[in-house]
2 protein chains.
Amino acid sequence: MSVFASLFASLFEPKRVALIGASSDERRTTSRPQRFLRKHGFTGEILPVNPGRAEIFGVKAWKAIDELPGEIDHAYILLNGKDAVAALAACGRRGVKVASILAGGFADAGAAGASLQDELVEIVKQTGIRLVGPNSIGTVSTEPPVALTANAAFAVDKLRTGNWGLVSQSGSLIGALLSRADARGIGFSRLISVGNEVDLKVGEIADLLVDDPKTKAILLFMETLRDGERLARAARRAHAAGKPMVAYKLGRSDIGQELAKSHTGAIAGSDATFDAFCRRHGIARVSMFESLVDVPALLVDRPPSRGKRVAVATTTGGGAAMVVDNMAMAGLDIVGPPQELVDWLKPLGIACEGKLVDLTLAGAKPEIVSGTIERLLADDANDAAIFVVGSSAQFNPELAIEPLLRFAGSKKPFAVALTPAAEKSLALLTAAGVPAFRHPESCAEAMALCLLGPTPQPEPKLAEPSAAVRAALAAGRAGFDERTATALFAALGVPVAKSMAVPDARRVAAAVAEVGAPVALKILSADIAHKTEAGGVALGLPDGQSAAVAARDMEKRVTAQAPAAKLDGFLVQKMERGLAEVILGFRRDPLVGPTITVGLGGVLAEIYKDAATRLAPVDEAEALQMINEVKGLATIRGYRNLPKGDVAALARAISAFSALAHPAFAAVSEAEINPLLVQNDGVVAVDGLVVTR
Amino acid sequence: MSVFASLFASLFEPKRVALIGASSDERRTTSRPQRFLRKHGFTGEILPVNPGRAEIFGVKAWKAIDELPGEIDHAYILLNGKDAVAALAACGRRGVKVASILAGGFADAGAAGASLQDELVEIVKQTGIRLVGPNSIGTVSTEPPVALTANAAFAVDKLRTGNWGLVSQSGSLIGALLSRADARGIGFSRLISVGNEVDLKVGEIADLLVDDPKTKAILLFMETLRDGERLARAARRAHAAGKPMVAYKLGRSDIGQELAKSHTGAIAGSDATFDAFCRRHGIARVSMFESLVDVPALLVDRPPSRGKRVAVATTTGGGAAMVVDNMAMAGLDIVGPPQELVDWLKPLGIACEGKLVDLTLAGAKPEIVSGTIERLLADDANDAAIFVVGSSAQFNPELAIEPLLRFAGSKKPFAVALTPAAEKSLALLTAAGVPAFRHPESCAEAMALCLLGPTPQPEPKLAEPSAAVRAALAAGRAGFDERTATALFAALGVPVAKSMAVPDARRVAAAVAEVGAPVALKILSADIAHKTEAGGVALGLPDGQSAAVAARDMEKRVTAQAPAAKLDGFLVQKMERGLAEVILGFRRDPLVGPTITVGLGGVLAEIYKDAATRLAPVDEAEALQMINEVKGLATIRGYRNLPKGDVAALARAISAFSALAHPAFAAVSEAEINPLLVQNDGVVAVDGLVVTR
């Protein structure tokens, strides 16, 4: 058995399970794993360990881990604190393949817990045991049944089998999702609570599920991101395998981020960067909690689509209007029926006016419903179809749903939305493999993700930095100032405003002749942090003479204000004008790595928070997408009669700047060009900074 | 009995009901009203009318309306087209108090239907009969039971009684809401499908429900608005009676508006103006369909609150984090527990760190849960409290829910959110009167509406237009130009840039001396629509001499371009500068009446659609709220180190401009000031237009 298969089997399909600290007291949480394993039909061997008991629930109990006979696939440690650490060490020595730890109180509980968690890390490193948790409420498979969990939610009588694999950073929400899915006929293949992710993390576990034949979609409930690279790889492999990866992540608000942090002991990261991560690697992020179980059905085995035209037929005009309203708000277009369908419906007494095909008046006869959907799906003028069912779904599930079932696995995306509470219809559709929705909001979210959602983008290749770039980087080794920063940007290939540094005021006029008037003049001094406030900046100087005068005045003024400052001369920079001011930001995010942000410059853009963020690097095509996402850049994309800016040059500059993602720039934690002026025939960077660590 | 009580009784609690066109064929829709009436226990008398039958379902049938004996409270006309019209006429002659018409095919079906609908209008006018529909699928009361409906959704075995009254412009969504509410233990008092609203409209029906002791909240499903004034009155009376009015309205997207229009044959109106309508009159508008049944519980009998601080306790950290995340995105603040609670929990082994009170570790003992909520509700540092329940709600409904029930009717808003699917717990909480939610999204929406939602605003009094205003209005009788438009604004009290009209170029210099340099110069001619394009505008003229030269040049240029144009001279206007440019728009909306919109001027604000809309008139306090809503006006409210603009003067100008809502200006359909410059000590209007009809 390969290492991979062995890990997967020990984790999800163990044959021999040890329960360290098992209890025979049904009121205690530590009694649950044994009870739940049996209740849901675990056919392997359970080995409870409890020094005070000879047997637990009729099964022989062992005094200590070291006494356990034979190979143990998976040990669930139900002890707390130091006892849990000792148990993990014993499991490691004993050659147990995978252990899970139930208890919290580690990195999730401040400094003392964190040092205890460090001990776990050390044991994993020393012994090679693989660890789930701590703070893991368990790992469950439905087929073969392995309910290795202390989660009260598994007190249900019957565990529904299914094809969704759930990986959750919240233990308690596994129960919520299990019950919500069950209520509408959806089951899971695997459910795992990853806890603090000391060893096994979301990414590696998701990666295991990509190769799991029982799992057709991978669902993530996330509070943070601890192994982005591995998750990225898993997402790409999942996409290639036709298995959608769907994520709900906490922390869209500031307080939500704060909570996620305090709840997990981890950094939450910014929401925009997580979005960028999902977009790059093809993870469908949902905004409604229940969408996590609703949405995957529409994405399974679905080749990426770029069309956004949806056709809608219905037996409830009002219900369909709600779905349409939500879809339009999600960015989809609604298209009417093909003429062939209009002609087919006419003799049946159904007039198609407008974009909705409303079959209400036909009494929704099954052959009319299926004939309508067939013709919609055959129409090249749409990219997907939706059927919205009214009361009949509630009262005549078989009758209302039967004509829809044959469209399971349709080539084109097809979904059914139900307006009433109609659990039986939902279950029938779900069982047949027809994506079905009970909320107009999640139906629209699913269709938007299906048609417009992310597909993995190729990671742009990063060219090795040139000698010039390396030299510019080396020049900033001791810290970058404005000159060295813009020099680095220029070396990367971003056009920068022509400038020249001169050692004293006498050479300013010559510098103006060199860079071309009008110019901006700035004093150079490492000792002056705020040049403008110190009177060390003059703008719009029309010629060499006035610039020279300004330089002498500036010298006097600055010397008077800061007598101790060492002056290094002046920077003479050509004054540039642009049709728009753009800010480019580069940042190494603690969770997702290098990111690049493009925003409109100026106060208004800051107020409107109008910016696009991506993982860096980006190629020019992706840079163009970013430009299109920044609403305020409409002004240079061709708006009314405003002059167009050189969008292609802007895209080139963004892509060039994003090369800071290369490991050669590892010391650069942040960089910013502000402003980058977009002109009608190019772009030019005027100012910027580089922060190193 | 008063006319009101008589109408209410005939509509919702009729004793003798005629079914015109009743059928004994169970497969036919027209058989349903009789079957549903009986099924749900109608105790009055049913009088079927059908010329071809002696009896229907065991009840004597009558040949014609004219043969019906005694008084008829409510006749449900189940015939189509002309037959329905004839039946209504017969009912009217016969003295039937209220009739409903099931059939569509009237204004909802184009021109032919519209003329048929006109006949209905005429009959109502002539006979005084009150009409529901046409296109009404029925009117239902649950207690006493009167299921006078052809809606298949009422095939349910048992109709749950309850306190929500539902008025719907969509017939089919009544069924959807009925089933969704029932699934979570909520019942309705009345449900009515208003159809095309020829006579009885949403507003009047809602107004009747305000006085209905069985109805504690009024729910509206809307596609359009046909009697805004009446609905406004109903909303205000409902608010005064402690009965929340909650609305879901289609048409948030353009295509949604189009559908609403084609579906109802009515104008949809803009979404922003409907929001303005709701805000003015205190209607809580929900964005999630299911919120329509979820949200009212939290708003019933709830005095308006302006605090927005919510305290959260939970037995599921992840679930509570979701609720918190959604609440924060809805604009609410989350506040931590009072010290007293922290101290109380400590000896119980529960450490409160951060803002969430997480009781998971306590095993959620009932006395700890109720003790916690009690202390949160007693804390002055919050305005509301939420308890988020995990798996226990699913498995131990009684145990998990019992400690929450005593907080029904708490003085402060208190809500429960359930993370698993836990219908029994929902029903228990609902039955006890504790607002409970099954979606974090609708829980957040409800709490935001409860704390931040609209309360009816007093309608500002409109002063009678002064003689000066009347004169300015009269001056535009034949159509307004720039001069007469700004003169009207000035008369209303909006400061306008100083200007002077002169008949020829020779008098321009003198005018400059009068208004003050620098000036803008514009040619005056009713024959030139686009002055700038015709070369008829010059800006920034520094003195009288240059202005005079510019005037002569302009004359030549314009004459060359448009030799036939009659020139009326020049407008000399003082050039003004501002810290921000604002656009003020006034419009008579076809649905809600006069509205006023404040937006930031310039291309960017247009791109960001950054504007606030209200019903006009507004007083200065409401104008200030509008200013605060326009994000881009942050620049003049005090942003970073930008100079502050005269926000009070802007509010005065908005309020003065909104006086166009006075009936004296009925001829003014639209007016715009663009730009209105905000300065540091005042505002000044530079240009504008007035459109009359």
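The values are calculated or read from the model by the stated rules, or taken from the named source; none is laboratory data. Everything numeric here is computed off the predicted structure, so don't read it as measured data. When we count neighbours, we look across all protein chains shown, and the Cβ atoms used for this are built from the backbone with ideal geometry, even at glycine. Keep in mind that these areas ignore ligands, DNA and RNA; they rest on the heavy atoms of the full protein, side chains included. Shrake-Rupley method; radii C 1.70, N 1.55, O 1.52, S 1.80 Å.
Going by the conditions given, is B:Ile636 part of a helix (DSSP H, G or I), hydrophobic (A, V, I, L, M, F, W, C) and within 23 Å of B:Phe274 (Cα to Cα)?
When the stated conditions are applied, B:Ile636 does not pass them.
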### Failed condition for A:Asp66, given (1) open to solvent by 10 Å² or more (accessible area, probe 1.4 Å); (2) touching a residue at least 40 places away in the same chain (Cβ under 8 Å); (3) in contact with a helix residue (DSSP H, G or I) (Cβ under 8 Å, 6 or more places away or on another chain); (4) outside any loop (DSSP other than H, G, I, E, B)
(2)
### Query
Is it the case that region B:414-432 has a residue that's open to solvent by 30 Å² or more (accessible area, probe 1.4 Å), touching a residue at least 40 places away in the same chain (Cβ under 8 Å) and among the basic types (Lys, Arg)?
no
### Task
Filter the helices (runs of 4 or more DSSP H) completely within region A:274-329 down to those with at least 2 residues that are open to solvent by 10 Å² or more (accessible area, probe 1.4 Å), touching a Pro at 6+ places or on another chain (Cβ under 6 Å) and more than 8 Å from chain B (Cβ to nearest Cβ).
A:296-299
### Query
Does B:Arg652 meet the test of being touching a strand residue (DSSP E or B) at 6+ places or on another chain (Cβ under 9 Å), open to solvent by less than 20 Å² (accessible area, probe 1.4 Å) and of a type in the set (Lys, Arg)?
no
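Take A:Leu225 and decide whether it is open to solvent by less than 10 Å² (accessible area, probe 1.4 Å), more than 24 Å from A:Ala330 (Cβ to Cβ) and at pLDDT below 95.
For A:Leu225, the condition - open to solvent by less than 10 Å² (accessible area, probe 1.4 Å), more than 24 Å from A:Ala330 (Cβ to Cβ) and at pLDDT below 95 - is met.
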### Summary
Of the residues in region B:471-514, those that are under 19 Å from B:Val691 (Cβ atoms), charged (D, E, K, R), outside any loop (DSSP other than H, G, I, E, B) and open to solvent by 50 Å² or more (accessible area, probe 1.4 Å) come to B:Arg483
### Query
What is the number of the single condition among (1) without any contact (Cβ under 8 Å) to a residue 40 or more places away in the chain; (2) under 26 Å from A:Met575 (Cβ atoms); (3) out of contact with any strand residue (DSSP E or B) (no Cβ under 8 Å at 6 or more places or on another chain) that A:Ala474 does not meet?
(2)
### Query
Regarding A:Arg32, is this residue buried (at least 22 other Cβ atoms within 10 Å of the Cβ), basic (Lys, Arg) and touching a residue at least 40 places away in the same chain (Cβ under 8 Å)?
yes
## Note on the structure
Expected single match for away from every other protein chain (no Cβ under 14 Å) and surrounded by 19 or more Cβ atoms within 10 Å (Cβ to Cβ) among B:Thr635, B:Thr613 is B:Thr613
#### Entry: Single unsatisfied condition, A:Ala103 versus (1) open to solvent by less than 50 Å² (accessible area, probe 1.4 Å); (2) among the aliphatic types (A, V, I, L, M); (3) touching a residue at least 60 places away in the same chain (Cβ under 8 Å)
(3)
### Query
So which of B:Glu445, B:Glu459 ends up being out of contact with any Phe, Trp or Tyr (no Cβ under 8 Å at 6 or more places or on another chain), closer than 30 Å to B:Ala238 by Cα and away from every other protein chain (no Cβ under 14 Å)?
B:Glu459
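So, B:Arg27, is that one open to solvent by 20 Å² or more (accessible area, probe 1.4 Å), more than 17 Å from B:Ile129 (Cβ to Cβ) and not in a helix (DSSP H, G or I) or not?
Yes.
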### Task
Within region B:326-354, count every residue that is charged (D, E, K, R) and in contact with a Cys (Cβ under 9 Å, 6 or more places away or on another chain).
1
### Query
Mind checking whether some residue in region B:2-20 is open to solvent by 10 Å² or more (accessible area, probe 1.4 Å), outside any helix (DSSP H, G or I), touching a Gly at 6+ places or on another chain (Cβ under 8 Å) and at pLDDT 95 or above?
yes
### Task
Hey, could you check region A:576-603 for residues that are under 30 Å from A:Pro542 (Cα atoms), in contact (Cβ under 8 Å) with a residue 12 or more places away in the chain and of a type in the set (Val, Ile, Thr) and say which is surrounded by the fewest Cβ atoms within 10 Å (Cβ to Cβ)?
A:Ile583
### Task
Name the residue, out of A:Leu642, A:Leu676, that is crowded, with 17+ Cβ neighbours inside 10 Å and in contact with a helix residue (DSSP H, G or I) (Cβ under 7 Å, 6 or more places away or on another chain).
A:Leu676
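I'm trying to understand the selection: among the residues of region B:572-610, which are among the charged types (D, E, K, R) and within 14 Å of another protein chain (Cβ to nearest Cβ)?
Once the filter is applied, which keeps residues that are among the charged types (D, E, K, R) and within 14 Å of another protein chain (Cβ to nearest Cβ), region B:572-610 yields B:Glu581, B:Glu606, B:Lys609, B:Asp610.
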### Message
Quick check on my filter: what residues within region A:330-367 are open to solvent by less than 20 Å² (accessible area, probe 1.4 Å) and closer than 11 Å to B:Ile255 by Cβ?
### Response
A:Leu332, A:Ile334
### Message
Is it the case, given these coordinates, that A:Ala659 is under 21 Å from the mean Cα position of the chain (by Cα), crowded, with 18+ Cβ neighbours inside 10 Å and away from every other protein chain (no Cβ under 14 Å)?
### Response
no
### Message
Being in contact (Cβ under 8 Å) with a residue 60 or more places away in the chain and either over 15 Å from A:Leu429 (Cβ atoms) or open to solvent by less than 10 Å² (accessible area, probe 1.4 Å) (or both) is the filter here; which residues of region A:179-192 pass it?
### Response
A:Arg180, A:Ala181, A:Arg184, A:Arg190, A:Ile192
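Just the residues that are of a type in the set (Gly, Ala, Ser), in a strand (DSSP E or B) and under 18 Å from A:His530 (Cα atoms), please, taken from region A:561-600.
A:Gly569, the sole residue that qualifies.
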#### Entry: Test result for A:Val85, part of a helix (DSSP H, G or I), open to solvent by less than 60 Å² (accessible area, probe 1.4 Å) and not small (Gly, Ala, Ser)
yes
### Task
Please give the number of the condition A:Glu606 fails out of (1) modelled with pLDDT of 90 or more; (2) open to solvent by 10 Å² or more (accessible area, probe 1.4 Å); (3) in a helix (DSSP H, G or I).
(1)
### Query
When the residues of region A:106-134 are filtered to those that are open to solvent by less than 10 Å² (accessible area, probe 1.4 Å) and not in a helix (DSSP H, G or I), which remaining residue is farthest from A:Phe12 (Cα to Cα)?
A:Phe106
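One line per residue, one yes/no per condition, for (1) closer than 22 Å to B:Gly165 by Cα; (2) under 33 Å from the mean Cα position of the chain (by Cα); (3) polar (S, T, N, Q):
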| site | (1), (2), (3) |
| --- | --- |
| B:Glu55 | no, no, no |
| B:Ala103 | no, yes, no |
| B:Ser115 | no, yes, yes |
| B:Ile123 | no, yes, no |
